[in-house]
1. Which condition from (1) surrounded by fewer than 16 Cβ atoms within 10 Å (Cβ to Cβ); (2) assigned to a helix (DSSP H, G or I); (3) touching a helix residue (DSSP H, G or I) at 6+ places or on another chain (Cβ under 6 Å) is the one that Arg146 breaks?
2. Can you find a residue that is within 25 Å of Gly170 (Cα to Cα) and either surrounded by 18 or more Cβ atoms within 10 Å (Cβ to Cβ) or touching a Phe, Trp or Tyr at 6+ places or on another chain (Cβ under 6 Å) (or both) anywhere in segment 126-133?
3. Inspect segment 79-93 for any residue being modelled with pLDDT under 95, among the small types (Gly, Ala, Ser) and assigned to a helix (DSSP H, G or I) and give the result as yes or no.
4. State all residues of segment 205-220 that are acidic (Asp, Glu), touching a residue at least 24 places away in the same chain (Cβ under 8 Å) and either surrounded by fewer than 18 Cβ atoms within 10 Å (Cβ to Cβ) or in a strand (DSSP E or B) (or both); if no residue qualifies, say none.
5. Condition check: touching a helix residue (DSSP H, G or I) at 6+ places or on another chain (Cβ under 6 Å), within 23 Å of Met150 (Cβ to Cβ) and part of a helix (DSSP H, G or I). Does Asn116 satisfy that?
6. Does Ala45 meet the test of being of a type outside the set (S, T, N, Q), surrounded by fewer than 23 Cβ atoms within 10 Å (Cβ to Cβ) and either assigned to a loop (DSSP other than H, G, I, E, B) or within 23 Å of the chain's Cα centre (by Cα) (or both)?
7. Go through segment 1-18 and give me each residue that's modelled with pLDDT of 95 or more and touching a Leu at 6+ places or on another chain (Cβ under 6 Å).
8. Strands (runs of 3 or more DSSP E) wholly in segment 157-204 with at least 2 residues that are closer than 30 Å to Thr107 by Cβ - which ones?
Amino acid sequence: MTRINGRKLALVLGATGGIGGAVAGKLRDRGWDVRALNRNAAKAALHRPEFEWIDGDAMVAADVLAAAAGVDLIVHAVNPPGYANWGKLVLPMIDNTISAARAHSATVLLPGTIYNYGPDAFPTLTENAPQNPVTKKGAIRVEMERRLQMASLDGVRAIVLRAGDFFGPGAANSWFSQGVVIPGKPVESIMFPGSPGVGHQWAYLPDVAETMLRLVDRRETLPAFATYHMTGFWDDDGTKMIAAIRRVLDRPGLKVRSFPWWFLPLASPFVTFMRELREMRYLWKEPLRMPNTRLLQTIGVEPWTPIDTAVRATLVSLGCMPADHGVGTKKRTAANGSARAMQLEM
């Protein structure tokens, strides 16, 4: 479906969030028109005036249906703020998106997570690995995808890209911003949720968005329900992210503290996000990685930003360092090398 002006149209649910905003921006860069649904469209438009903002609620089926009129793509990147009321809100929202996609013959694009998987699928998570989540949030993610897959049997096309823990500009509720550094403050120490020797899977938000858009570019040739994994930044021994933060700050001796897991049971009854962090501890106890073989077969090369560049952008966006920090000083080479490409499976 193409509009009279020759530009394709996408509806983004969650355009004020990290992944939704990143995908929306890259859609614009590719010549798409972007429509965004928000309960306070006038306020949202002040920050991203390049989008067409429509007042509405992703929980209201009629609002989503009306906003999706004429669109080619629906980006479902909306989540309850602060992880509150996941059980009551998330599934109705994906149902509304599916109904709107069916009515308007639009493709659904969903950012996926590793929460679908339990330890029985570790350490290598392929797209077809068994999904036996050990958390409520993981079970909901599995059900979201199941509903999309069932809808694909009835004519709805869907693309799901699963990735590791997000970091980067806009990734506010993330392990990096909540469990590694403190937003808005200079980094005086690094918190470490894992253990040395235990690998961890990270995903830089702009790379995730770019990967999703490369899949969208090929949507007509993909299976009706298409799932992919991206490798992102694989911290093979659990210390590479710490080393990158130290390099970017030019503080090789920056102190590392163990993450206070002991505190989470005390805070969990009062702070929803703390409860979510506690539930996800199993992801830090064992190494897990996501081969990108299927993704490479589809798009050829996985987008990849050198880790030091990605960490610098993340720390600046979180207010943990000034944008001009280190400018004019000797630049360091990223640990993995900026020339590393992703043509080969990691």
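1. Failed condition: (3).
2. Of all residues in segment 126-133, those within 25 Å of Gly170 (Cα to Cα) come to none.
No: zero hits.
3. Yes: one or more hits.
4. Within segment 205-220, just Asp217 meets the criteria.
5. On the way: touching a helix residue (DSSP H, G or I) at 6+ places or on another chain (Cβ under 6 Å): yes; within 23 Å of Met150 (Cβ to Cβ): yes; part of a helix (DSSP H, G or I): no.
No, not satisfied.
6. yes
7. Listed by number, the residues that qualify are Ala10, Leu13.
8. 157-162, 165-167, 200-204
The values are calculated or read from the model by the stated rules, or taken from the named source; none is laboratory data. It should be emphasised that the depicted structure is a prediction, and the values quoted were computed from it without experimental measurement. Reconstructed Cβ throughout: ideal geometry from the backbone, glycine too, with neighbour counts over all protein chains shown.
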